[in-house]
Amino acid sequence: MKQNRRRFLKTTVRALMGMVLAGCVSVPGTSNAATDRKPNVIIFLTDDQGTLDANCYGSKDLYTPAMDDLAKTGVRFTQAYAHQVCCPTRAILMTGRYPQRSAVNSWTQGNAKAPGKGRNMFLEEVTLAEALKGAGYRTAIFGKWHLGAHVDHGPTKQGFDEYFGLRGGFIDNYNHHFLHGKGFHDLYEGTKEIFAKGEYFPDMMTKRALQYVDKNKDVTFFMYVAFNIPHYPEQADKQFDERYRDMKEPRRSYAKMISTTDDRMRMIIARLEKHGIRDDTIILFMGDNGHSAENYRIGVGDHTSGLPKGSNYGANGGGGNTGKWRGHKGNFYEGGIRTPAIISWPKKLPSGAVRDQAVTGQDWYPTILELCKVPLPEVKLDGQSVVPIIRSAKTATHHKLMHWQWEWSWAVREGDWKLMGRNKEASHLGNLSDTEPEKKNYIKEKPDIAKRLLDLHNEWLKEVESAYYEQYPNSTKMY
């Protein structure tokens, strides 16, 4: 029943936004004048970029001129949170809601051609693309979707006019195959499979993004550039070989991937500047989780990619920089969930500013809609606009509590305390204000704090997963 109500609501939201665009409905703070053009929106989402892995975040051994320029022309956040792995970050970014509400609390379907139907984000979710499209924006995504690969789901079913990229988790950049297990091919134009063996995928998606800017330079657009890098396999642009020649591994191969990613961002920003629309474009840059420390090799002899058994395709143990923060991709320590985040709109927002307040990935949805003067959909959002924080360093964070959950693992933060656990049991209580944050486990020393946070976590989990368990009543409940 809730799913039907959300489906009706989603249709209503689209209709209302169409009326706003047509001038039939007056919205406070907006203008129907032809001269009041809304800003373009571009989101750069990087894949497995470490907490401090940009020159502007203190990693002076890295060459990241595009990211650094965004920091100079925008607002850089030092306490921006995503999630511990790819799928849930993409869900919170696209919906402004905790991923549990949209069924993205475990791995989504990766192979579009797999028999049956796996986990896919609920179609009833009103994505950022749908909200902006309803206000007259053209919409496109180039890169990684990873919110469910089934052909009845995916970007073109959730508000994007154009889509080119991988529907699942990651691919080899030259043969375009997912490499875990026996592998499968994963490169699509919408729902049509594309074969382009030997072509470097980061260049392919960047070329499409550049063409999209050229084609839409005179209209208002939203472009989601979801890079599949620096995620493994670490197949970097060779132009960076010499720059990092003397760096030790695994930092060297990872650094080359960071600079490869930055260079593709540079190309797209340069195209905006060429057309004179950079000042009319909001750019959000963020990472999806911490750096990877994974090691993988092809484990079968007849892999669909053609790579021989034993081929290395992992992150070589991890070359990311988290500074004093513990952790990496796949856990809830700060190094796993705290990521770079910068928002830049030279015409309207501060430049060269730094904000230390805590913000989360679900905050960007209402923030972008506020900046674009597009009404919020009438759904429960878990994020709040951070425009007041962007405009003033004195504005307090609205996050008194922060929650994360992935499959059977979870974390809850209140102030400087963060409790982590698995299933119904808490295992680690850390403090972010310690000289070595989260190193000491206070769970036995501070049982009252641990119990309060555990109770708050269980209360939160029961609320956010209600829609999922209504649709899948036979699933094992976590609370």
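The values are calculated or read from the model by the stated rules, or taken from the named source; none is laboratory data. The structure displayed is predicted, hence computed values, not measured ones. Here the Cβ is made from the backbone with ideal geometry for all residues, glycine too, and neighbour counts use every protein chain on show.
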Reported set for the stretch 301-346 where residues are more than 19 Å from the chain's Cα centre (by Cα), of a type outside the set (A, V, I, L, M, F, W, C) and under 22 Å from Trp364 (Cβ atoms) is Pro346
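Could you tell me whether any residue of the stretch 234-242 is in a helix (DSSP H, G or I) and within 28 Å of Leu369 (Cβ to Cβ)? Spell out the reasoning first.
Pass one, the stretch 234-242, residues in a helix (DSSP H, G or I): 238-240.
Okay, now just the ones that are also within 28 Å of Leu369 (Cβ to Cβ), so none.
No.
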Would you list the helices (runs of 4 or more DSSP H) that sit entirely within the stretch 322-430 and hold 2 or more residues that are crowded, with 19+ Cβ neighbours inside 10 Å and aromatic (Phe, Trp, Tyr)?
-> 364-371
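Conditions (1) buried (at least 16 other Cβ atoms within 10 Å of the Cβ); (2) among the charged types (D, E, K, R); (3) over 23 Å from Arg119 (Cβ atoms), marked per residue:
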{"position": "Asp434", "(1), (2), (3)": "no, yes, yes"}
{"position": "Lys439", "(1), (2), (3)": "no, yes, yes"}
{"position": "Leu454", "(1), (2), (3)": "yes, no, yes"}
{"position": "Lys462", "(1), (2), (3)": "no, yes, no"}
{"position": "Ala467", "(1), (2), (3)": "yes, no, no"}
{"position": "Pro473", "(1), (2), (3)": "no, no, no"}
{"position": "Lys477", "(1), (2), (3)": "no, yes, no"}
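Within the group Arg278, Arg266, Arg245, which residue is surrounded by 19 or more Cβ atoms within 10 Å (Cβ to Cβ) and on the phi < 0 side of the Ramachandran plot?
Numbers: Arg266 fails: surrounded by 19 or more Cβ atoms within 10 Å (Cβ to Cβ); Arg245 fails: surrounded by 19 or more Cβ atoms within 10 Å (Cβ to Cβ).
After ruling out the rest, the residue left standing is Arg278.
If a residue has to be aromatic (Phe, Trp, Tyr), in a loop (DSSP other than H, G, I, E, B) and within 17 Å of Pro233 (Cβ to Cβ) to count, how many in the stretch 132-188 make the cut?
First, the residues of the stretch 132-188 that are aromatic (Phe, Trp, Tyr): 137, 142, 145, 160, 163-164, 170, 174, 178, 184, 188.
Those left that are additionally in a loop (DSSP other than H, G, I, E, B): 137, 145, 160, 170, 174.
Applying the additional criterion that residues be within 17 Å of Pro233 (Cβ to Cβ) yields 170, 174.
Count: 2.
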Does the stretch 404-420 include one or more residues that are among the basic types (Lys, Arg) and either modelled with pLDDT of 95 or more or assigned by TED's automatic domain parsing to the domain that holds Gly330 (or both)?
-> yes
Using beta carbons and a limit of 9 Å, which pairs, at least six apart or on different chains, have the first residue in the stretch 34-55 and assigned by TED's automatic domain parsing to the domain that holds Gly335 and among the small types (Gly, Ala, Ser) and the second one modelled with pLDDT of 95 or more and surrounded by fewer than 20 Cβ atoms within 10 Å (Cβ to Cβ)?
-> Ala54/Asp68
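Which of the following residues is in the same structural domain as Phe222 (by TED's automatic domain parsing), assigned to a helix (DSSP H, G or I) and at pLDDT 95 or above: Thr78, Thr89?
Numbers: Thr78 fails: assigned to a helix (DSSP H, G or I).
The match here is Thr89.
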Any chance you could count how many residues in the stretch 431-479 are of a type outside the set (D, E, K, R), over 17 Å from Arg413 (Cβ atoms) and assigned to a loop (DSSP other than H, G, I, E, B)?
-> 8
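Here's the yes/no breakdown for (1) at pLDDT below 95; (2) more than 24 Å from Leu93 (Cβ to Cβ); (3) surrounded by 20 or more Cβ atoms within 10 Å (Cβ to Cβ); (4) not charged (D, E, K, R):
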{"position": "Tyr137", "(1), (2), (3), (4)": "no, no, yes, yes"}
{"position": "Lys144", "(1), (2), (3), (4)": "no, no, yes, no"}
{"position": "Leu147", "(1), (2), (3), (4)": "no, no, yes, yes"}
{"position": "Gly169", "(1), (2), (3), (4)": "no, no, yes, yes"}
{"position": "Leu179", "(1), (2), (3), (4)": "no, yes, yes, yes"}
